[in-house]
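What follows is a single structure, written as structure tokens, with notes after it.
The values are calculated or read from the model by the stated rules, or taken from the named source; none is laboratory data. All values reported here derive from a predicted model rather than from experimental measurement. All Cβ positions, glycine included, derive from the backbone under ideal geometry; neighbour counts span all protein chains shown.
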Amino acid sequence: MTNRFAAVLVAASVVATPAGAGTSKRAKAEMIWPGMILQVPSVRQSEETIRRFAQCIANEHLEGVKAFLAVPANSPDVRKIGAELATNSATDCSPNLYMTIYAPTLRAALIEVLYNRDFRGVASPPLHLGSDGGMIDPAKCIVSKAAVIADQLVATAPASKAQKTAFMLLRSAADSCGVALPTDQRKLQWLRFQIAEALYRQRSITSTFVTVK
């Protein structure tokens, strides 16, 4: 790979800087691939960049995506396999920039991208997801009480006014599940990812798919 053509995957965490960490614009994390950290001016641009990267990987490296998503979410292998997937996808999917992304964030973005692909008219048989390890139980509760609104949420542009409206409509379901909607935008985006995964798992069980030969 050339100096400019690299994707960077860093140590496992969530979209936002982990709680208690510093607020430096340059994330303090161990880099698997040395390079520049992409500086983005807004949460929305950051989230859109992550999703474009995930969309490309889902299109160009589906077998690698299948292997990655089959790993249990709480497995230590998530970081290793996610790093390999991101690095192997860099030339195809991140040719003009250096990007920093956490392994669980890549996993979550891929699931959201695949949800919007597999359950919005394309009707592709869903991929097998490894165990969530109980990590998305609050999101599962929200989806069980307001699946239609949750689906509308995942269809919105990230960090948009439409997303804000959808979260407002989900507040009652969240309250009944004992979930306080975050005020921090990056934590809110992480909850959105968890809701997307809960939807994917629910729809994978309840939807009927026909393979066309």
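Please identify the pairs in which a residue from the stretch 129-146 that is part of a helix (DSSP H, G or I) has its Cβ atom under 9 Å from the Cβ atom of a residue that is among the polar types (S, T, N, Q) and modelled with pLDDT of 95 or more, counting only partners at least 6 apart or on another chain.
That search, which allows pairs on different chains as well, returns Pro138/Gln194; Ala139/Gln194; Lys140/Gln194; Cys141/Ser176; Ile142/Ser176; Ile142/Gln194; Lys145/Ser172; Lys145/Ser176.
Okay, residues lined up against (1) touching a helix residue (DSSP H, G or I) at 6+ places or on another chain (Cβ under 8 Å); (2) more than 25 Å from Gln45 (Cα to Cα); (3) buried (at least 16 other Cβ atoms within 10 Å of the Cβ):
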{"position": "Gly133", "(1), (2), (3)": "no, yes, no"}
{"position": "Ile142", "(1), (2), (3)": "yes, yes, yes"}
{"position": "Ala155", "(1), (2), (3)": "yes, no, no"}
{"position": "Ala159", "(1), (2), (3)": "yes, no, yes"}
{"position": "Leu188", "(1), (2), (3)": "yes, no, yes"}
{"position": "Leu191", "(1), (2), (3)": "yes, no, yes"}
{"position": "Glu197", "(1), (2), (3)": "yes, no, yes"}
{"position": "Arg203", "(1), (2), (3)": "yes, yes, yes"}
{"position": "Thr206", "(1), (2), (3)": "no, yes, no"}
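Taking the stretch 159-193 only, how many residues are polar (S, T, N, Q), in a helix (DSSP H, G or I) and without any contact (Cβ under 8 Å) to a residue 24 or more places away in the chain?
Final tally of qualifying residues: 1.
Filter the stretch 57-70 for residues that are part of a helix (DSSP H, G or I), of a type outside the set (Gly, Ala, Ser) and crowded, with 16+ Cβ neighbours inside 10 Å and give the result.
Selection gives Ile57, Val65, Phe68, Leu69.
Among the residues of the stretch 73-93, is any surrounded by 14 or more Cβ atoms within 10 Å (Cβ to Cβ), more than 15 Å from the chain's Cα centre (by Cα) and within 27 Å of Ala162 (Cβ to Cβ)?
The answer is yes; a qualifying residue exists.
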